[in-house]
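Student: Below is a structure I'd like to ask you about.
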Amino acid sequence: MFGPSELVVMAIVNRTPDSFFDRGATYGEAEALAAVEAAVGGGAAIIDIGGIKAAPGEEIDAAEELRRIGGFVSAVRGRHPDVVISVDTWRAEVGRVVAGEGADLLNDAWGGVDPELAEVAAEFGTGLVCTHAGHLPPRTRPHRIAYDDVVADIAATTVGLAERAVSLGVRPDGVLIDPGHDFGKNSRHSLEATRRLPELVATGWPVLMAMSNKDFVGEVLDAPVDERLEGTLAATAVAAWLGARVFRAHQVTATWRALRMVAALRGDVDLRIARRGVV
């Protein structure tokens, strides 16, 4: 999907009235389309569209999820034929509709709870994100959750999901694994998953990191949601250096700049301008 050394920003566009970060700022279609425009302009190569917040709350059935995002995928595809469109859903029923509208990637943040979603990805030729969510049902929070070895569990779960997807016909170059920060984990688990990221990179599957403004950042800093950017960017830079490839983000431009700096330090990209000492 992208080059082996490319660091990619996946912009979050939530068609929800109750998102934990933007609190419904992109629930309306006009606002959501404007957010897509801004994200693409800010450096995002993937737009991740969601219709249900991850946290517990009002029950949202498939029909309501599709009311929020069905049709919107087509609108984004029409305006941005070259951008990669991802849809954050765990439901095969929803995945089938949005794949038909032009989605390139199905972001299954709840760890394969609907096994037919991978079959939809295979049928339509979309990519698939395989996430570790602590083996919990969608939209539930962990309670005193424990692992013998959280990273071993993450690796076994995500690699198992990835291998199953490929066995069903999902194209291998479209599969990513996601350690699922805060999903089925306490904050120490999320920190350990980041610290030991090379173990996940060593599986050979490209790693997606969904860390933006999450609670583990807030608990490290004792900071509310709207004061977690610096912590998010620090985690992003470390994860990029350790080998992660795709970064799901609310603040696109800041994330793109952090990743660009990491890429330059690694020697993967050159200066965008050169003045100092040469003119």
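Student: Among the residues of region 18-41, what is the count of those that are surrounded by fewer than 17 Cβ atoms within 10 Å (Cβ to Cβ), closer than 30 Å to residue 265 by Cβ and either basic (Lys, Arg) or in contact with a strand residue (DSSP E or B) (Cβ under 9 Å, 6 or more places away or on another chain) (or both)?
Tutor: 2
One line per residue, one yes/no per condition, for (1) closer than 21 Å to residue 84 by Cβ; (2) modelled with pLDDT of 95 or more; (3) under 19 Å from the mean Cα position of the chain (by Cα):
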{"position": "224", "(1), (2), (3)": "no, yes, no"}
{"position": "235", "(1), (2), (3)": "no, yes, yes"}
{"position": "243", "(1), (2), (3)": "yes, yes, yes"}
{"position": "270", "(1), (2), (3)": "no, yes, no"}
{"position": "274", "(1), (2), (3)": "no, no, no"}
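Student: Listed residues 205, 241; which is aromatic (Phe, Trp, Tyr), in contact (Cβ under 8 Å) with a residue 12 or more places away in the chain and over 26 Å from residue 112 (Cα atoms)?
Tutor: Working: 205 fails: over 26 Å from residue 112 (Cα atoms).
Of the residues listed, the single one that is aromatic (Phe, Trp, Tyr), in contact (Cβ under 8 Å) with a residue 12 or more places away in the chain and over 26 Å from residue 112 (Cα atoms) is 241.
Student: Okay, next question. When the residues of region 4-17 are narrowed to those that are modelled with pLDDT of 90 or more and assigned to a loop (DSSP other than H, G, I, E, B), which ends up farthest from residue 269 (Cα to Cα)? Even if it seems obvious, please write down each step before you answer.
Tutor: Taking region 4-17 first, the residues modelled with pLDDT of 90 or more are 5-17.
Pick out the ones that are also assigned to a loop (DSSP other than H, G, I, E, B) and you get 5-7, 15-17.
On the way: 5: 9, 6: 9, 7: 11, 15: 34, 16: 37, 17: 39 Å.
Ranking the qualifying residues of region 4-17, first place goes to 17.
Student: Suppose we filter 193, 263, 235 for residues that are surrounded by 14 or more Cβ atoms within 10 Å (Cβ to Cβ) and either more than 30 Å from residue 156 (Cβ to Cβ) or of a type in the set (Ser, Thr, Tyr) (or both); which single one remains?
Tutor: Working: 193 fails: either more than 30 Å from residue 156 (Cβ to Cβ) or of a type in the set (Ser, Thr, Tyr) (or both); 235 fails: either more than 30 Å from residue 156 (Cβ to Cβ) or of a type in the set (Ser, Thr, Tyr) (or both).
Being surrounded by 14 or more Cβ atoms within 10 Å (Cβ to Cβ) and either more than 30 Å from residue 156 (Cβ to Cβ) or of a type in the set (Ser, Thr, Tyr) (or both) holds for just one of 193, 263, 235, which is 263.
Student: Residue pairs, Cβ under 9 Å, 6 or more apart or interchain, first in region 140-160 and closer than 23 Å to residue 206 by Cβ, second surrounded by fewer than 15 Cβ atoms within 10 Å (Cβ to Cβ) and of a type in the set (Lys, Arg). List them.
Tutor: 150/188; 151/195
Student: Keeping to region 37-92, report how many residues are in contact with a Lys or Arg (Cβ under 9 Å, 6 or more places away or on another chain), under 20 Å from residue 131 (Cα atoms) and of a type in the set (Val, Ile, Thr).
Tutor: 4
Student: Count, please, the residues in region 194-237 that happen to be among the polar types (S, T, N, Q) and touching a Ser or Thr at 6+ places or on another chain (Cβ under 7 Å).
Tutor: Step one: of region 194-237, the residues among the polar types (S, T, N, Q) are 194, 203, 212-213, 232, 236.
Adding the requirement that they be touching a Ser or Thr at 6+ places or on another chain (Cβ under 7 Å) leaves 212-213, 232, 236.
Result for region 194-237: 4.
The values are calculated or read from the model by the stated rules, or taken from the named source; none is laboratory data. Just so you know, these numbers come straight off a predicted model, no measurement behind them. Cβ sites come from the backbone with ideal geometry, for glycine too, and all protein chains shown count toward neighbours.
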